[in-house]
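Chemist: I'd like to ask you about the structure that follows.
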Amino acid sequence: MALRRIWGLSWAELSATFLLVIAGMFALADGLRLLTRGSQAASWTATFIMVAGVILAALAAVSLIPFSRKAAAQSVGATVAQDVLTESEETSDTEPFAVLDESVPPKQAQKLLIRSIGLLISWIVLLPYIGYIAATGLFLLVYGLLVSERKIIPTIIFAVISTALSAWLFQAVGVRLPRGSLLP
Amino acid sequence: MLDQLAAGLAEIMTWERMGFALLGCFLGTFFGVMPGLGPVTAIAVLFPITTYLDPLSGIVMLAAIYYGGMYGGSTTAILVNIPGEVASLPAALEGYPMTQRGRAGAALAVAAISSFTAGIIGSLGVIILGSSVAHLALRFGPPEMLGLVLFALTAVAGLVSGSMFKGLSMAALGILLSMVGYDMISGSTVMTGGTWTLAQGFAIVPVMIGLFGIGEILRTLTTRGHSAKSAPLGKLMPTKKELKDSVAPTARGTAQGFSFGLIPGMLPSIMALLSYSWERQRAEKKGGSQFGNGDIRGIAGPEAANNGAAMGGFVPLLSLGIPTGPSMALVLGALMVYGLTPGPTMFTQNAEFTSGILVSFLVANVILLILNLPLVPMWARLARVPFHVMGPLVLILCLVGAYLDRNSFFDIFVCLGAGIFALLCHKASLPLAPLVMGFILGPMLQETMRQSIAMSGTFYLERPIFMAFAGVAILTIAWSIWRARRHTTSLRRAEASS
């Protein structure tokens, strides 16, 4: 909390960096475990992952502090893109293009995201039991109604046709999909 | 060289493979047309399906998907003014004003012809240069390869991310993720936390699909839907003047794209933007510039540079086994799944197969030119379908793709986890390209480092090629930090003056 306030960090920056530091520390701990309990042959791997872990944790932590944030710019691609757009705005008579960065309000985006991820997890859990066709049909139907908030009839038609087409495509290239242990 | 091309053509020209190329072009364009998705996502999502084919048919379909993805991006940019990805920005800036003047068909045709030209010349370039580089690389030992890997990692970290600290930390994370599972030398489990599930390690396919498929799609799903307007297509044939004006930019774009595309980190999208900027400056110097209001040169040059850079990336990939960016890393992953190891032997022991791969690029370009122009009205209609209609189906295709690699439910969870992590990284401005490069090059880095140290404790002083690569890697880090400092200083000055 204090770091967020003092350095003006976002939740995403703080949590992603936290994850990176944890991953680095985990690698360091596992390297130590290998070095002390593993065979002689594992000592090289142990040293390698310890070094990589320390580098990861250190760089991730350093990337948060103001000094390193000052030494950060946009990527080369983003810089060139910005230059191109600035030049274009000065001369173009055309209306600006439809960008996808017009984010929906944060709360709505969060709701969309949580529902999408929740439905995806449900699909994964149901797949071994009810098989690809039933799980996918159900997923597309519920997604269309709950997340996309579309009308029921077009949603049903879309779910049936897309599931059938995708199942046919997989079959055409010889892919075997789970049939479901609960289905006959 | 002609013998090589003829051998490759003989391998490719079967009805079955042509059918897969056609299907690949269609599916790739379908993905490219959808705003927010591009060739990288198209490959990530669809390449598991290609692994069910024989390797050459798989590569043919993959090449067709890649080019279809690139072409699809330009189509939506020109027709409905939605640059779904950075590389399509020039096509939107110059192509949409042409659409408004009723010249959409000509803009699309020039985009297709420029891409096609760059693809053909680039393929020949890969055959000529790739073979030479491969023969040179046969003399490379572990220290030289180690230097090359270090250079590739730092170059991508420096060019693709704004912060070198973030770029290198993501590369380190990628390296560590590639090591999870059983250690090849000692047989010990590494970073598994004692669980059997993690002992199988992270496979390339679910990680890639998660990072570039699930992550991108979830991000696009949570953005506002766009309202695309319909526009008349007009005549497909460009006028003589339009064709004449686009010849020189196409030639320049191809040369610039191909030569810069050889360098790790110089992604096709960067080259498309640089080419646009250079063409614009050239036109303004000469006078009579229509840039910003539908100048054909602003479409021809960037489209050629985009495709040229994509082809240039195949030289280090096929001859050295070094990818230059995320899309090449995906292709490398695909080749490894097919049981091929990119490197010098691709041009010596697998020369016929490699020729087949290169000819498949030519075939994909030809099919796109023939197939896509008549289908433009259909793609335009598809581009207007809101993403939340097609997005969920694509999400499912991603998860199925992750499952297919090893028929493992664990991989589906890995894929979803990677997608959520990619979303977090986007919010935290952490670049994914170095992570992927680290993940792909991690095993090679570890192996070459181990072998180099076993050869000599002071190998870094004894091998001039290693020293040269290491020197360039250090220079890349220094340049990246200098560029960032300059950026901060100019921002401060701008603030002070305002």
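Each value in this text was obtained by applying a stated rule to the coordinates, not by laboratory testing. All values reported here derive from a predicted model rather than from experimental measurement. Every residue, glycine among them, receives a Cβ derived from its backbone with ideal geometry; neighbour counts consider all protein chains shown.
Chemist: Taking the Cα centre of the protein assembly as shown as the origin and placing charges on Cβ (Lys, Arg +1; Asp, Glu -1), which of B:ILE127, B:ALA21, A:VAL62 is farthest toward the positive end of the dipole?
Modeler: A:VAL62
Chemist: Starting from the Cα of B:ILE370, step 7 Å toward the Cβ, then list every residue of the range B:55-92 with an amide N under 20 Å from that point.
Modeler: Of the residues in the range B:55-92, B:57-72 have backbone N under 20 Å from the label point off B:ILE370.
Chemist: Once both axes come from the Cα atoms, what is the angle between helix B:464-497 and the longest principal axis of chain B, in degrees from 0 to 90, rounded to 10?
Modeler: The two axes meet at around 50 degrees.
Chemist: Restricting things to alpha carbons, find the Rg to Rh ratio for the range A:106-172 using the Kirkwood radius for Rh.
Modeler: Details: Rg = 12.8 Å, Rh = 12.6 Å.
Here Rg/Rh amounts to 1.02.
Chemist: Also, quick follow-up: Under the rule of at least 5 residues apart or a separate chain, name every residue whose amide H is placed under 5 Å from the amide H of B:GLY181.
Modeler: B:VAL190, B:THR192
Chemist: Could I ask something else about it? Would you count, across chain B, every pair of lysines whose alpha carbons are under 24 angstrom apart, provided the pair is eight or more residues apart or spans two chains? Walk me through the numbers on the way to the answer.
Modeler: Numbers: B:LYS166/B:LYS427; B:LYS235/B:LYS244; B:LYS240/B:LYS285; B:LYS240/B:LYS286; B:LYS241/B:LYS285; B:LYS241/B:LYS286; B:LYS244/B:LYS285; B:LYS244/B:LYS286.
So the count of such lysine pairs works out to 8.
Chemist: Hey, another quick one. Using the number of other C-beta atoms within 10 angstrom as an exposure proxy, rank B:ILE185, B:ILE299 with the fewest first. Working shown, then result.
Modeler: On the way: B:ILE185 14, B:ILE299 33.
Listed from fewest to most nearby Cβ atoms, that is B:ILE185, B:ILE299.
Chemist: So, one more: In nm, to one decimal, how far is the B:ARG450 label point from the A:ILE114 one, both placed 7 Å along Cα→Cβ?
Modeler: 4.6 nm
Chemist: Next up: Quick one: if you stick a label point 7 Å off each Cα along the C-beta vector at B:LYS427 and A:ILE121, how many nm between them?
Modeler: A separation of 1.5 nm, rounded to one decimal place.
Chemist: Helix-only mean residue ellipticity at 222 nm, chain B, DSSP H runs n ≥ 4 weighted -39,500 (n - 2.57), per residue, nearest 500. What is it? Before the final figure, lay out the partial values.
Modeler: On the way: 23 runs with 371 residues, N = 498.
Dividing the helical sum by the residues of chain B leaves -24500 deg cm²/dmol.
Chemist: For helix B:351-383, what angle does its Cα long axis make with the longest principal axis of chain B, in degrees from 0 to 90 and rounded to 10?
Modeler: The angle comes out near 40 degrees.
Chemist: Give me the extension gain from B:THR488 to B:ARG406: residue separation times 0.36 nm, minus the current Cα-Cα distance, reported in nm with one decimal.
Modeler: 24.8 nm
Chemist: Under the definition of Cα pairs under 8 Å and six or more residues apart, what whole-number percent is the relative contact order of chain B?
Modeler: Numbers: 962 pairs, mean separation 143.2, N = 498.
In percent, rounded to a whole number, it is 29.
Chemist: On to the next question. Angle between the Cα long axis of helix B:387-406 and the longest principal axis of chain B, 0 to 90 degrees, nearest 10?
Modeler: In chain B, helix B:387-406 runs at an angle near 30 degrees to the longest axis.
Chemist: Can I get the semi-axes of the range B:113-192's equivalent ellipsoid? Compute them from the C-alpha gyration tensor as square roots of 5 times the eigenvalues, in angstrom, largest first. Mind dumping the intermediate values first?
Modeler: Working: eigenvalues 208, 85, 39 Å².
Gyration-tensor ellipsoid for the range B:113-192: 32, 21, 14 Å.
Chemist: If you don't mind, there's one more thing I want to ask. Compute the FRET efficiency between B:HIS135 and B:ALA10 as 1/(1 + (r/R0)^6), taking r as their Cβ-Cβ distance and R0 = 25 Å, and round to the nearest 0.05. Intermediate values should be presented prior to the final figure.
Modeler: Details: r = 24 Å, r/R0 = 0.96.
The pair B:HIS135/B:ALA10 has a calculated efficiency of 0.55.
Chemist: Sequence gap at least 6, Cα distance under 8 Å: using those rules, report the relative contact order of the range B:66-205 to the nearest whole percent. Don't skip to the end; give the middle numbers.
Modeler: Values: 101 pairs, mean separation 14.3, N = 140.
Rounded, it is 10 percent for the range B:66-205.
Chemist: Moving on. When the distances between all Cα atoms of chain B are binned every 20 Å from zero, what whole-number percent does each bin get?
Modeler: 24, 58, 18, 1
Chemist: If I take R0 = 25 Å and measure r between the Cβ atoms of A:ILE157 and B:MET237 in this structure, what FRET efficiency does the formula 1/(1 + (r/R0)^6) give, to the nearest 0.05?
Modeler: Numbers: r = 39 Å, r/R0 = 1.55.
After rounding, the FRET efficiency stands at 0.05.
Chemist: If you wrap a convex hull around the C-alpha atoms of the range B:425-498 and split its volume per residue, what is the figure in Å³? Can you show the working numbers first?
Modeler: On the way: hull volume 9.1 nm³, N = 74.
Considering the Cα atoms of the range B:425-498, their hull volume per residue is 123 Å³.
Chemist: Please report, to one decimal in angstroms, the Kirkwood hydrodynamic radius of the protein assembly as shown built from all distinct Cα-Cα pairs. Let's see the in-between values first.
Modeler: Working: mean 1/r = 0.0389 Å⁻¹.
Result for the protein assembly as shown stands at 25.7 Å.
Chemist: Please work out the FRET efficiency for the pair A:ALA29 and B:THR348, using the Cβ-Cβ distance as r and a Förster radius of 35 Å; give the result to the nearest 0.05.
Modeler: Numbers: r = 44 Å, r/R0 = 1.26.
The calculated FRET efficiency here is 0.20.
Chemist: For the range B:389-455, just list the percent of Cα-Cα distances falling in each 5 Å bin from zero outward, please.
Modeler: For the range B:389-455, the pair-distance distribution reads 3, 14, 14, 17, 19, 14, 8, 6, 3, 1, 1, 0.
Chemist: Another one. Across all directions of projection, what mean area in square nanometres is found for the Cα convex hull of the range B:296-452? Please list the in-between numbers first.
Modeler: Values: hull surface 53.6 nm².
So the mean shadow area of the Cα hull is 13.4 nm².
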